[in-house]
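The values are calculated or read from the model by the stated rules, or taken from the named source; none is laboratory data. Keep in mind the model is a prediction, meaning the values are calculated, not measured. We place every Cβ from the backbone using ideal geometry, glycine too, and count neighbours over all the protein chains shown.
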């Protein structure tokens, strides 16, 4: 089973109304689990009258919310659970660095999953603005690994 088939299975689990998929094919076992959020609370509301006393004006000015400097960036997310590696080997240079231009389909990192090293390709073109994961750290499915300024 190759990486494209695994990606297709992950996408199937993500889109389907299932939380777990397990496949055993030719000695290769693949198990995909989707963490589901908590069930929403029933739509029962109670209202209470709340009376507030007048409040004196604040003495200090209220600071505005900080502007998200990453709002214009798009993430490249982990396609599987595993260990992130930014280079093909410890003594090799990084696949990409901050400021590098990448093209869709270019190998940008490796994720080790189930003792298999999977080359991960960029799903978009642009400039790498931030690398969100350090080499050797675990990544979860859907976790942002890179922030890219699209071109």
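Residues in the range 28-42 that are surrounded by fewer than 12 Cβ atoms within 10 Å (Cβ to Cβ) and at pLDDT below 70: 35, 36, 37, 38, 39, 40, 41, 42.
For the range 51-151, which strands (runs of 3 or more DSSP E) that fit wholly inside it have 1 or more residues that are at pLDDT below 95 and in contact with a helix residue (DSSP H, G or I) (Cβ under 9 Å, 6 or more places away or on another chain)? Steps first, answer last, please.
Values: elements: 74-77, 82-85, 107-113, 116-121, 126-131, 144-150.
Those strands (runs of 3 or more DSSP E) span 107-113, 116-121.
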